[in-house]
Amino acid sequence: MDLNAAQLEAVKTLSGPLLVLAGAGTGKTQVVTHRIAELIRHRTPPGRILAVTFTNKAAKEMQQRAAARLGRRLKEKPEISTFHSLSVRILRRHIRQLGYPTAFTIYDRADQQSVARSVLREIKVADAVIRPADLINQIGRWKTASIRPRQAAAIAETDKEHLAAVAYRRYQNALKAVGAVDFDDLLLCTEELFRRFPKIRRQEAGRFDHLLIDEYQDTNGSQYRIVKALAAGHRNLCVVGDDDQSIYGWRGAEVTHILGFKKDWPDAKIIRLEVNYRSTREIIAWANRLIAFNKLRHVKVLRTTVRGEKPRILQLQDETTEAETVVGEISARIRTKRRRPRDFAILCRTNEQPRAFEMELRRAKIPYVLFGGMSFFDRKEVRDVLAYLKLLANPRDEVSLLRVINTPPRGIGQTTVARLTQFAVAQARPVWDILPGAAKHGGIAPAATDAIKQFQSLIAAYRKRAKSEPLARLVAELIHQIGYRNELARLYPNPNDQESRWASVEELINAVGSYAASAQRPTLLGFLQEATITSRDDDRQRESQLEHNAVALMTLHSAKGLEFPEVYLVGMEEGLLPHKRSIADGSDVDEERRLCYVGVTRAQRRLTLTLALSRRKWGKPRPTQPSRFLYEITGQADNPNYKAAGKPKKSRSRKRIARPPG
């Protein structure tokens, strides 16, 4: 079968509970598909096998590989699907027991927001208090934790949470009234069916003799309970996963499920896959050393026979130098080492970090694809601030004017804007030019007229200042004066959303500061020109690059499951990795370490970690502190700076991190 001893043991163990701890790069998918084929060879009817994973792509790949292993077409196929697809099939058979029609509708995000908008209108909650999108996000968090409306009302603490709990109850009633469920309900309703109707639970569990769960470390509470219900009778449960790669706690995944498997199934057999087929011995040594600092884990030690060059740590002056150095190395290796762009990945912790790398890759004319989100320059908050700057450079830029004239809200509503636009069209003049005489046109309230005058004065004042003042300070003060941070707090009540979006605003100010520091004669127009060129994108070209030949630029969360010959893991600093939220909380540092471990184990042949001596905040360079993970990964946990990690006021070391021993 071309399997190693541990893989073969996992494939041949065909009965009873089994936990396969599959370390990074140890051939997990191969084991799962071989095991399905082996069950069928041992006369298990294919239809009596259920395999569950998390994505449709993974399910399809598993189905194809299992069929290829058997080498023949099967009249009956194993049931291989995602958790949500499995739940839909169960609910189609039994959801009438919960008061829904068999032909229930599954609402998508837009449908959900429409219902949420109606509900908030019913209970007279304004958008300024709770937006429909924010209500849906809150309901999603409750549902991920299996919290129903009555429980949500009981645990609500703030006034906003109490209002959201009331809206949650009405939201669920509204869905049920039209025979609809949302995506989260698919799991919750299945779980409720199994809990309330034991006969249905036994009936569904009785359809299968064997159950395989892939990526078990990513299961949330509902998925965990559904698995237990389906496997309780036959107990032929095989789960495959790696607690060291559990990085989705923020969306409900609970690493305790895989850590406590032996407690749930006392007679379970545990098999460790520790032979890594992806990376060199030197990279694996770093990965093993790092993850060993997590105490709550199944002990595994990856090993490989492949030798390669030692990983590197590069400490650079600032984030601009970091991007220039990384992209410069990639460019040189493409030219001189016959590497392809697709051989490289740049991995970041936050969504803001890729900005500098995007700009450098474009300057170097190296094709790239940005994973894990839209381009930095496509984000709403970035576009809002850029629209203000474009308006300072050219007040007749009507696209920018109409975007910001009431952002943040200043009393110039949609009706007023519509009338201003009508006047401008009728007179064949730019909207900016007709603003001074807006009151003369009629139909505009005095309060709106005053707001228009104040807006004009704001833009005129900053246009004048832009000719002589430092750009980064100008932009920072403009953002402060318009109250944009309060606007983000209004639009995004979730603190994590606020922080992420505010970080994008800060990163834009940093971009202004970087431009001003490097340009011979920095001007606002010059920055906008550079930003516009950088922000140009073509989705079809980007997809083609991903398919063919492009550098991968992505967050660490997006990198899971992928591998690249050469990896640059950037921003190895306290506050970035580990992220400042985990440092403040304390309990999430283990997940941050797992995230770093995932990044390290993406590298096949060459690994480089980078950090900056300083990073810009509000346009000014601020000293950084090396990530505690650097000390752990290089075996320097006895270094005084390591012990001071997480306490930047006491230790802002600029000392160069030692290279790995030897």
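Each residue was assigned an accessible area with a 1.4 Å probe, and for HIS480 the value is about 150 Å².
D by Stokes-Einstein for region 399-531, Kirkwood Rh over Cα pairs, 4 °C, 1.567 mPa s: 78 µm²/s.
Pairs of Cα atoms nearer than 8 Å and 6+ residues apart set the relative contact order; for region 1-140 it is 16 percent.
Surface calculation, 1.4 Å probe, protein heavy atoms: ARG196 sits at approximately 120 Å² accessible. Distance between the C-alpha centres of region 492-510 and region 388-423: 23 Å, rounded to the whole angstrom. Assuming 0.36 nm per residue, please report the length gained on full extension of the stretch ILE366 to GLN203 beyond their Cα-Cα distance. Separation in residues times 0.36 nm, less the Cα-Cα distance, equals 53.0 nm. Largest accessible area first, the listed residues SER15, SER118 line up as SER15, SER118 when surface is computed with a 1.4 Å probe on the assembled protein chains.
Ranked by the mean number of other Cβ atoms within 10 Å per residue, highest first, peptides 627-640, 211-224 order as 211-224, 627-640.
Given contacts defined as C-alpha pairs under 8 Å and at least six residues apart, what's the relative contact order of the chain, whole-number percent?
17 percent
When Rg and Dmax are taken over the Cα atoms of the chain, they come to 28.0, 87 Å. Estimated from helical segments only, the mean residue ellipticity of the chain at 222 nm is -15500 deg cm²/dmol, where each DSSP H run of four or more residues counts as -39500 (n - 2.57). Using the Karplus relation 6.51 cos²θ - 1.76 cosθ + 1.60 with θ = phi - 60°, the per-residue 3J(HN,Hα) values for region 14-31 come to 9, 9, x, x, 9, 10, 9, 8, 9, x, 4, x, 9, x, 4, 4, 4, 5 Hz, with x marking Gly and Pro.
For LYS390, the solvent-accessible surface with a 1.4 Å probe is about 80 Å², rounded to the nearest 10. In the chain, a dipole from Cβ-located charges (positive for Lys and Arg, negative for Asp and Glu) runs towards its positive end, and of GLY140, ALA67, PHE527 it is ALA67 whose Cα lies farthest in that direction. Tally Lys and Arg at +1 and Asp and Glu at -1 over the other residues with C-beta under 9 Å from the C-beta of TYR484: what net charge comes out? Summing Lys/Arg as +1 and Asp/Glu as -1 gives -2.
Cβ-Cβ distance of ARG235 and GLU398, R₀ of 41 Å, FRET efficiency by 1/(1 + (r/R0)^6): the value works out to about 0.05. The calculated FRET efficiency for ARG169 paired with VAL129, based on their beta-carbon distance and R0 = 22 Å, is about 0.80.
The values are calculated or read from the model by the stated rules, or taken from the named source; none is laboratory data. Model, not experiment: these values are computed from the prediction. Cβ atoms come from the backbone with ideal geometry, glycine included; neighbour counts cover every protein chain shown. When the accessible area is computed, the model is the full protein with side chains, heavy atoms only, and any ligands, DNA or RNA have been set aside. Shrake-Rupley method; radii C 1.70, N 1.55, O 1.52, S 1.80 Å.
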